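The values are calculated or read from the model by the stated rules, or taken from the named source; none is laboratory data. These figures come from a predicted structure and were not determined experimentally. Every residue, glycine among them, receives a Cβ derived from its backbone with ideal geometry; neighbour counts consider all protein chains shown.
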Amino acid sequence: MSRIGKKIIPAAGVTLNVSPANEITVKGPKGELKQVVDRDIKVEMVGEEIHVIRPTDQIRHKALHGLYRSLVANMVTGVTTGFKRDLELVGVGYRATVTGQLIDMALGYSHNIILELPKEVVEYLAYSITTNIRELEGALISLLAQSSLNKKAITLDLAKQMIDKFVKNTAREVSIDYIQKVVCDYFDLPIELLKSKTRKREVVQARQIAMYFAKKMTKSSLANIGMHCGGKDHATVLHACKTVNNLIDTDKRFRGYVSDLEKKISIQ
């Protein structure tokens, strides 16, 4: 422990106060923490560093030196960057299945745990993990563990964070079908209507946005994009993209639609 005690603690942006009772107070951007230190151990601020000093090389002083250095270093972390709790479940016998919006988990208890997940989370998991059922099970269990451990609701953002960690290759290209589904869900339109010949304004607008994102986020040709959007030709796709770009520049409400949809479609 004495080797640990000798390590200097970087403390940029931190203030240190020591009371007559040898209680130290560490303050930083995220708040303050207090700790009473053994009277034989000295803690002092030198520039932007904190030094923990022992009076002798006695075994007791060496042990206290390393202990309090670790405590003070943790306090500095707490008031600067904060702490994050991660839990990884390793073992066999864990199972998780999804039916609709319900997740049914066997985690070794006397009974299964059943939770209802938001629709967008279920769709995201199903789209992101398609090759390995064990990966899906593991991702679901890890998602639940992180939610429970950190007392966070299971949201799409949390699911994306977990998938980015869990799935080795997260840089997947979205599909035209997926883009159309997200756009139709957003505007509450049936996909069949998006692909139809109708010229209703709200349908045309949704169709053009779907074409815009398909061109932007996939490697599909203009002809292929048009085929997926009701058999349109490449010129129609180009016109749709130009229209969307113009409306983004001139229509604040439309720009909000596009911004919302880009967040929903993105899986990076």
Residues being among the small types (Gly, Ala, Ser) and within 21 Å of ARG201 (Cα to Cα) - total across the range 217-268: 7
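Filter the range 197-214 down to residues that are in a loop (DSSP other than H, G, I, E, B) and either outside the structural domain of HIS239 (by TED's automatic domain parsing) or at pLDDT 90 or above (or both), then give me how many there are. Can you show your working first?
Filtering the range 197-214 for residues in a loop (DSSP other than H, G, I, E, B) gives 197-200.
Remaining after also requiring either outside the structural domain of HIS239 (by TED's automatic domain parsing) or at pLDDT 90 or above (or both): 200.
Within the range 197-214, residues that are in a loop (DSSP other than H, G, I, E, B) and either outside the structural domain of HIS239 (by TED's automatic domain parsing) or at pLDDT 90 or above (or both) number 1.
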Candidate set: the range 240-268, residues that are closer than 14 Å to ALA214 by Cβ and of a type outside the set (A, V, I, L, M, F, W, C); chosen: the one modelled with the lowest pLDDT: SER266
Filter result (in a loop (DSSP other than H, G, I, E, B) and surrounded by 12 or more Cβ atoms within 10 Å (Cβ to Cβ)) within the range 170-196: THR170, ARG172, VAL174, SER175, LEU189, LYS195, SER196
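Anything in the range 1-23 that is touching a Leu at 6+ places or on another chain (Cβ under 9 Å) and either farther than 15 Å from LEU71 by Cα or surrounded by 16 or more Cβ atoms within 10 Å (Cβ to Cβ) (or both)? List them, or say none.
Of the residues in the range 1-23, the ones touching a Leu at 6+ places or on another chain (Cβ under 9 Å) are 1, 4-5.
Result: GLY5, single match.
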Odd one out for ARG39 among (1) at pLDDT below 90; (2) over 16 Å from THR15 (Cα atoms); (3) of a type outside the set (Val, Ile, Thr): (1)
Among (1) modelled with pLDDT under 90; (2) under 16 Å from HIS239 (Cβ atoms); (3) in contact with a helix residue (DSSP H, G or I) (Cβ under 9 Å, 6 or more places away or on another chain) - the single one THR218 does not satisfy: (2)
Filtered residues of the range 24-48 (kept if assigned to a loop (DSSP other than H, G, I, E, B) and either over 12 Å from TYR68 (Cα atoms) or of a type in the set (Lys, Arg) (or both)): PRO29, LYS30, ARG39, GLY47, GLU48
